[in-house]
Each structure stands twice: as structure tokens, then as C-alpha cells.
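S.K.: Sharing a structure below in C-alpha cells format, with a few things to ask.
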Amino acid sequence: MNKDRVQGKVKDLAGRAERQAGEWTGDSEKQVKGAAKQVEGKVQNAWGKAKDAAKDSKSERPASKPPERAPDDSEEQESARR
């Protein structure tokens with residue numbers, strides 16, 4: 001888990017709390033700011049997940065090159081004719 005995921009989750013929860021406080025007090029501006037902070041947190045969290053997935057897939061790739069393809073019989077005959 002990287003810092004983007006952690007920070008995103010914190011923003012999401014803080015925004016959720018702010019939005020809820022705005023609902024309880026009837027403060028529509030606080031509701032909007034909280035909802036915006038929630039969205040920002042969700043986006044940052046998703047970005048962190050994407051970075052983690054890219055890092056994981058990169059580390060799973062083999063370090064060496066795959067073996068080269070062996071030529072077919074017909075290819076060997078053609079190269080011998082040249």
C-alpha cells in the first residue's frame with residue numbers, strides 16, 4: 001500500500017465526516033465541500049491502487065528474455081538455398 005492510497009482514504013473519511021456534519025447542521029456549503037473532499041480522496045485512492053497494480057505486474061515479469069523461436073524446416077531450406 002502506498003502513500004496515495006493512505007492519503008486518499010484519509011481524505012475520503014474526512015470528507016464523509018464533513019458532509020455528514022453539514023447535513024446535521026443544515027449547512028449546504030459544508031455538505032458540498034465534504035462531498036468534494038470525498039471525491040478527491042476516492043480519486044487519489046484509485047490512483048494509488050493503479051500504481052500498486054502496475055508495480056506488482058512489473059515485478060511479476062520474468063527478468064530474462066524469452067527464448068528465440070526456432071526456425072521451421074522450410075525456413076532452413078530457404079536460407080540454405082541463398
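S.K.: Quick one: is Ala46 at pLDDT 95 or above and surrounded by 10 or more Cβ atoms within 10 Å (Cβ to Cβ)?
M.R.: Considered against the rule, which asks whether it is at pLDDT 95 or above and surrounded by 10 or more Cβ atoms within 10 Å (Cβ to Cβ), Ala46 comes out as no.
S.K.: Of the numbered conditions (1) modelled with pLDDT of 75 or more; (2) surrounded by 10 or more Cβ atoms within 10 Å (Cβ to Cβ), Pro71 satisfies every one except a single condition; which is it?
M.R.: All conditions are met except number (1).
S.K.: What number goes with the only condition from (1) surrounded by fewer than 13 Cβ atoms within 10 Å (Cβ to Cβ); (2) part of a helix (DSSP H, G or I); (3) not basic (Lys, Arg) that Gly34 does not pass?
M.R.: Of the numbered conditions (1) surrounded by fewer than 13 Cβ atoms within 10 Å (Cβ to Cβ); (2) part of a helix (DSSP H, G or I); (3) not basic (Lys, Arg), the odd one out for Gly34 is (1).
S.K.: Among the listed residues Arg19, Arg5, identify the single one that is under 28 Å from the mean Cα position of the chain (by Cα), touching a residue at least 12 places away in the same chain (Cβ under 8 Å), closer than 23 Å to Lys55 by Cα and in a helix (DSSP H, G or I).
M.R.: Arg5
The values are calculated or read from the model by the stated rules, or taken from the named source; none is laboratory data. Please read these numbers as outputs of a predicted model, since none were measured by experiment. Cβ sites come from the backbone with ideal geometry, for glycine too, and all protein chains shown count toward neighbours.
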